[in-house]
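The values are calculated or read from the model by the stated rules, or taken from the named source; none is laboratory data. Quantities reported herein were computed from a predicted structural model and do not represent experimental measurements. When we count neighbours, we look across all protein chains shown, and the Cβ atoms used for this are built from the backbone with ideal geometry, even at glycine. The protein model used for the area step is the full one, side chains on, heavy atoms only, and it has no ligands, DNA or RNA in it. Shrake-Rupley method; radii C 1.70, N 1.55, O 1.52, S 1.80 Å.
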Amino acid sequence: MKTIRELYRIGLGPSSSHTMGPRKAAEIFRERHPEASRMEVTLYGSLAATGKGHMTDVAIMDAIPGISILWEPRTFLPFHPNGMKFRAFASDDSLIEEWTVFSVGGGALSEEGEQNCVLADIYPMSTLTEILAYCTSTGKSYWEYVEECEGKEIWEYLHEVWEVMKSAVERGLDAEGVLPGPLNLRRKATSTYVKASGYKDNLRTRGLVFSYALAVSEENASGGKIVTAPTCGSCGVLPGVLYHLWKSKDFSETRILRALATAGLIGNIVKENASISGAEVGCQGEVGVACAMAAAAANQLFGGSVAQIEYAAEMGLEHHLGMTCDPVCGLVQIPCIERNAYAAARALDANIYSTFTDGVHRVSFDKVVAVMKQTGHDLPSLYKETAEGGLAKNYKQMYDKVNIE
């Protein structure tokens, strides 16, 4: 299992698989062939179907100005729905190299048959069942296992991650107006925050969590700087929860960073054993995993045992099983932004529920991960980020009624 640095990627929205991944691939190919006279790239499957809405073309052309982009939304390469084929040509138009690479979620790249293009494994255990048993026998917390595998330098990186998350919340709360794209969707974070401040106790808590998650998701939708947690499309859930607990419970930064480490471990396990790509398994792999990460982080902050933390994560993912990825107009806006806010609240509910138990339960987190993977593979492709099924099916009608949301 790879470093959590590969899970928590700092970059620009709106999509880790459709924007960050293709940009990185284009940069790699450009550096590999500075002698090329011209380049072209063919985008396949989900990457092509919603690429324009996700600004895939803009990201690639920023890295390789003048590149020709071909779109093949009906062609799905066997390895993954987000396929790209780059070609470099010499001045006599002869082919220098052809490179097929896949954007597999969270900004990561893979070649067919490879889990990652570069990095080696650093975690000896890759299931939560194994890690839970290890932590139980040694008395260690999940964050201590992360430190053991990553080294103490991981805290400096997680500090940077936390700073970017906080900044995204605060920028999003200050921003107002309409998000880019044909939906003319107005930002809601600021008004939600103002309304929440007028309530007391439970309603205020819910409203604030909603506003913080909305703030980050809206920043992502506008191409702002965010952290994949585990993806751009689900980047509002974890910071929404952590920012709220940091502000309302006065947790120290050290404890917040430890919670980030635990959340990263949860996301990493799913990434290793299933997928965090909406194009591969639907939104259960994005918002569902983000909810599990946030639930685990919250439970740790409130003093949960390793068993209770595992249970909170399990509930966060289990109750998102089967969620489709159906972005209207191919934008990371409807239903993505609202889902982030709702999942943040569900993460806190999973934390509370687990706290009332001893952590013992029948269905393990690892079993839910396996079911999520199988469910995602069983979903028809039109429900996996192609913008052709679910809520996106009638996007023309939605476009005509943009003022509804």
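Among the residues of the stretch 289-326, write down those that are surrounded by fewer than 24 Cβ atoms within 10 Å (Cβ to Cβ) and among the charged types (D, E, K, R).
GLU318
Within the stretch 60-73, restricting attention to residues that are in contact (Cβ under 8 Å) with a residue 12 or more places away in the chain and in a loop (DSSP other than H, G, I, E, B), which residue is surrounded by the most Cβ atoms within 10 Å (Cβ to Cβ)?
Taking the candidates together, the pick is ILE64.
Evaluate the following for VAL101: is it in contact with an Asp or Glu (Cβ under 9 Å, 6 or more places away or on another chain), in contact (Cβ under 8 Å) with a residue 12 or more places away in the chain and in a strand (DSSP E or B)?
yes
Mind checking which residues of the stretch 1-21 are assigned to a helix (DSSP H, G or I), open to solvent by less than 10 Å² (accessible area, probe 1.4 Å) and at pLDDT 95 or above?
ILE4
Tell me, which helices (runs of 4 or more DSSP H) wholly within the stretch 273-358 include 1 or more residues that are hydroxyl-bearing (Ser, Thr, Tyr) and farther than 30 Å from PRO78 by Cα?
So the answer is 306-318, 336-355.
Checking VAL281 against (1) in contact with a strand residue (DSSP E or B) (Cβ under 8 Å, 6 or more places away or on another chain); (2) at pLDDT 95 or above; (3) open to solvent by 10 Å² or more (accessible area, probe 1.4 Å), which test does it fail?
Result: VAL281 fails condition (3) only.
Kindly provide the set of residues from the stretch 23-59 that are farther than 15 Å from THR100 by Cβ, of a type in the set (Val, Ile, Thr) and either outside any loop (DSSP other than H, G, I, E, B) or open to solvent by 70 Å² or more (accessible area, probe 1.4 Å) (or both), ordered by number.
Passing the criteria: THR56, VAL58.
So, in the stretch 136-148, of the ones that are part of a helix (DSSP H, G or I) and touching a helix residue (DSSP H, G or I) at 6+ places or on another chain (Cβ under 9 Å), which residue ends up nearest to LEU257 (Cα to Cα)?
TRP143
Quick one: is TYR342 of a type in the set (Phe, Trp, Tyr) and surrounded by 24 or more Cβ atoms within 10 Å (Cβ to Cβ)?
no
For the stretch 132-158, give me each residue that is under 21 Å from ILE10 (Cα atoms) and of a type in the set (Gly, Ala, Ser).
GLY151 - this is the single residue of the stretch 132-158 that is under 21 Å from ILE10 (Cα atoms) and of a type in the set (Gly, Ala, Ser).
Suppose we filter the stretch 162-213 for residues that are part of a loop (DSSP other than H, G, I, E, B) and either among the aliphatic types (A, V, I, L, M) or modelled with pLDDT of 95 or more (or both); how many remain?
Selection size over the stretch 162-213: 8.
Looking at the stretch 331-359, which of its residues are touching a helix residue (DSSP H, G or I) at 6+ places or on another chain (Cβ under 7 Å) and of a type in the set (Val, Ile, Thr)?
VAL332, ILE334, ILE337, THR355, THR357, listed by residue number.
Filter the stretch 269-326 down to residues that are of a type in the set (Asp, Glu) and out of contact with any Ser or Thr (no Cβ under 6 Å at 6 or more places or on another chain) and give me whichever is nearest to ILE337 (Cα to Cα).
The residue in question is ASP326.
Is there any pair linking a residue in the stretch 366-387 that is free of Cβ contacts under 8 Å to residues at least 60 places away in the same chain to one that is surrounded by 16 or more Cβ atoms within 10 Å (Cβ to Cβ), with Cβ under 6 Å and at least six apart or on different chains, and which?
VAL368/GLU314; VAL368/LEU317; VAL368/GLU318; LEU382/GLU388; LEU382/GLY389
Restricting attention to the stretch 19-48, which residues are among the aliphatic types (A, V, I, L, M), touching a helix residue (DSSP H, G or I) at 6+ places or on another chain (Cβ under 7 Å) and in contact (Cβ under 8 Å) with a residue 60 or more places away in the chain?
If the condition is that a residue be among the aliphatic types (A, V, I, L, M), touching a helix residue (DSSP H, G or I) at 6+ places or on another chain (Cβ under 7 Å) and in contact (Cβ under 8 Å) with a residue 60 or more places away in the chain, then ALA26, LEU47 are the ones that fit.
Can you pull out every residue in the stretch 74-119 that is open to solvent by less than 10 Å² (accessible area, probe 1.4 Å), modelled with pLDDT of 90 or more and among the hydrophobic types (A, V, I, L, M, F, W, C)?
Of everything in the stretch 74-119, those that are open to solvent by less than 10 Å² (accessible area, probe 1.4 Å), modelled with pLDDT of 90 or more and among the hydrophobic types (A, V, I, L, M, F, W, C) turn out to be MET84, PHE86, ALA88, VAL101, PHE102, LEU109.
Just to be sure I understand, how many residues within the stretch 120-146 are among the acidic types (Asp, Glu) and either open to solvent by less than 70 Å² (accessible area, probe 1.4 Å) or modelled with pLDDT of 95 or more (or both)?
2
Any idea how many residues of the stretch 363-397 are buried (at least 16 other Cβ atoms within 10 Å of the Cβ), not in a helix (DSSP H, G or I) and not acidic (Asp, Glu)?
Matching residues across the stretch 363-397 total 6.
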